[in-house]
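What follows is a set of notes on a single structure, which appears directly below.
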Amino acid sequence: MRTEIRSGMSLTVTPTEQFKTTRIAIALIEPLNSKALTKRMLLANVLEAASELFPTQKAVAEELSKMYGAGFGITVERRGNVHILNCVFDCVNERYLADKEGLLEGAFAFLKQCIFEPLVFNGEFDHATFERQKKNLGFYMQTVRDDKQLYAALALQKIYFSDESQKSPSFGTYEQLEKITPKALYDYYTECIRNDQIEVVVSGNVDEIECEKLARELPFTKRQTFNGTLFYNQNPRLKVNEEDEHQPVAQGKLDLAYSLPVYYREDGYYAALVFNGIFGGLPLSKLFMNVREKASLAYYANSSYDSFRGFVSVQTGIQAKDKNATREIISKQLDDMKNGKITQQEFRDTKEALQNSFLSRLDSPANNLEQNLVNVLMKKSVSVQEWQKELNAVNFEDVVEVAQKTELQSIYFLDGEVS
């Protein structure tokens, strides 16, 4: 059930007896903006760390402990053309407690306190909290360079996308972070509270009327709902762009980006899931079997499909001398799929694996809540039966058609040979 609480703010409640926990998310959604990515990441960390009532991380932890070991966290996420700051509270369902503690009401009160009463002095975030979280985020940003697989993925993203908001990491940049002050972040926080679209999502064995009552007590004012295009669509390049970089490390990285203009739940989406599974998305994929196992050219070889941005990325860890051979074998796997060279076993096993993965995610409260939020963004939900029906309806020709839409656009190579 989805209910509009006020303009720009809605509540979605999914009553279920499947879990013994209640999960609440308050999502702040805004159009993607490259200049705001770092502020949103830092804001999430600052709001999570302290508030007026719980001025230290220890105080926050103690309060959660009193609520039967509840969990609380604030994350950021990019979905196509929107950015989501998600405040999530997870607690045991009060129906399973001997003494009815009013945990649902307490959970909403806790979230309300953390979002609307941050630790602020004279119109600025508390300096000690701010500087500690800024330092922690800066340290994380700098250590990304040490995670070469992530480093290569971000480098590929940077050369593939033409839009600055899509090029940038979802957690922002160190250069932007250095310039943020306690006052600048607080000013941005007030903008978010005033303008971001608000989606409240509740999942668990809960009463919908009580959830609506508690949601209406959240003091968000009226605001606009995001009405832009959720999917990012980039026109394909006529020429593949390549970038080589050298760092003195033992393992090289060869990453490739392909355009695939097939989007979440739109025509061809389920065929694209099967295509990616056969290509490199699953343990027995063509990339894994032919690049890693048979040719022994890669430490890992896989692909991922971003259905909100219409692209497929391939990641491999290789010896620098094997760059050309690896690239040729990757290219052959895609050409084979474009030419219909897919075995019955590959096709059958991939559909079975995708279905098993989908069903296993239904057993996770976190995944259920995330799916509910995606349904809100899409303004449409798909039942388990509909999802299975759509996947089962995918045939060989559908997968080949998706493969033929896949075009190589960018190549990033980290030459890791140590001299």
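The values are calculated or read from the model by the stated rules, or taken from the named source; none is laboratory data. Every value quoted in this text rests on a predicted model; they were computed, and no experiment measured them. Cβ: placed from backbone, ideal geometry, glycine included. Neighbour counts: every protein chain shown. Surface accessibility is based on the protein's heavy atoms, side chains included, excluding ligands, DNA and RNA. Shrake-Rupley method; radii C 1.70, N 1.55, O 1.52, S 1.80 Å.
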Checklist entry - For region 159-166, what does the Karplus curve 6.51 cos²θ - 1.76 cosθ + 1.60, with θ = phi - 60°, yield as ³J(HN,Hα) per residue in whole Hz, taken in order and with x for Gly and Pro? => result 8, 7, 7, 9, 7, 4, 5, 8
Checklist entry - For region 382-419, which GluC sites (Glu not before Pro) are both in a DSSP coil and crowded by at most 10 other Cβ atoms within 10 Å? => result none
Checklist outcome for this item: Per DSSP, the loop-located trypsin sites (Lys or Arg not before Pro) within region 329-389 having at most 10 other beta carbons within 10 Å are Lys379, Lys380
Next on the checklist: Counting only helical runs of four or more DSSP H residues, what would the 222 nm mean residue ellipticity of the chain come to if each run contributes -39,500 (n - 2.57) and the total is spread over all its residues?
Outcome noted: -13000 deg cm²/dmol
Checklist entry - Summing Lys, Arg as +1 and Asp, Glu as -1, what charge do residues with Cβ under 10 Å from the Cβ of Pro169 carry, Pro169 excluded? => result +3
Next on the checklist: For region 347-373 and region 296-345, what is the centre-to-centre distance using only Cα atoms, to the nearest Å?
Outcome noted: 24 Å
Checklist entry - By a straight-distance test (C-alpha under 21 Å), which lysines pair with Lys380 as possible cross-link partners, with residues fewer than eight away in the same chain excluded? => result Lys389
Next on the checklist: So, for the chain, what is the accessible surface per residue at a probe of 1.4 Å, expressed in square angstrom?
Outcome noted: 47 Å²
Checklist entry - Relative contact order, percent, of the chain when contacts are C-alpha pairs under 8 Å separated by at least 6 residues? => result 23 percent
Checklist entry - Using the Karplus equation 6.51 cos²θ - 1.76 cosθ + 1.60 (θ = phi - 60°), what ³J(HN,Hα) coupling, rounded to whole Hz, does each residue of region 346-363 give in order, writing x for Gly and Pro? => result 4, 5, 5, 5, 5, 5, 5, 5, 5, 5, 4, 5, 4, 5, 5, 5, 5, 8
Item to check | Fully extended contour minus Cα-Cα distance, from Asp207 to Gln234, at 0.36 nm per residue | outcome: 5.4 nm
Checklist entry - Pick from Leu273, Leu97, Leu150: which residue has the top mean-square fluctuation in a GNM of the chain where Cα pairs under 10 Å get a spring? => result Leu97
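What full-extension length gain, to one decimal in nm, is calculated for Asp415 and Ala128 as 0.36 nm per residue of separation minus the Cα-Cα distance? Numbers along the way, then the final one.
Details: separation 287, 0.36 × 287 = 103.32 nm, distance 4.14 nm.
Residue separation times 0.36 nm, minus the Cα-Cα distance, leaves 99.2 nm.
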Item to check | Choice from Thr406, Thr316, Thr343 with maximal GNM fluctuation in the chain (Cα, 10 Å cutoff) | outcome: Thr343
Checklist outcome for this item: Any residue on another chain or 5+ positions along whose placed amide H is under 5 Å from the amide H of Val120 is listed here as Asp126
Next on the checklist: Between Leu43, Leu362, Leu156, where does the largest GNM mean-square fluctuation fall for the chain, given springs only between Cα atoms within less than 10 Å?
Outcome noted: Leu362
Checklist outcome for this item: Once Asp336 and Thr3 are pulled to full extension, the length gained, defined as 0.36 nm per residue separation minus their Cα-Cα distance, is 115.0 nm
Item to check | Alpha-carbon centroid distance for the pair region 101-171 / region 44-91, whole angstrom | outcome: 11 Å
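Quote the relative contact order of region 305-419 in percent (integer), defining contacts as alpha-carbon pairs under 8 Å separated by 6+ residues. List each step's numbers first, then the result.
Working: 32 pairs, mean separation 46.6, N = 115.
Worked out over region 305-419, it gives 41 percent.
How large, in percent, is the carbon and sulfur part of the accessible surface of region 8-96 at a probe radius of 1.4 Å?
On the way: 1630 of 3390 Å².
With neighbouring chains kept in place, the figure for region 8-96 is 48 percent.
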Item to check | Inverse of mean 1/r across different Cα pairs in the chain, Kirkwood, Å | outcome: 23.4 Å
Item to check | Note, ³J(HN,Hα) from phi for region 142-150, Karplus 6.51, -1.76, 1.60, rounded to Hz, x at Gly and Pro | outcome: 6, 6, 4, 4, 7, 8, 5, 5, 5
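Give me the net charge of Gly281's neighbourhood, meaning all other residues with Cβ under 13 Å from the Cβ of Gly281; Lys, Arg count +1, Asp, Glu -1.
Details: positive: Lys286, Lys351; negative: Asp306, Glu346, Asp349.
So the environment of Gly281 carries a net charge of -1.
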Checklist entry - Which of the chymotrypsin sites (Phe, Trp or Tyr not before Pro) found in region 51-139 are loop residues per DSSP with 16 or fewer other Cβ atoms within 10 Å of their Cβ? => result Tyr68
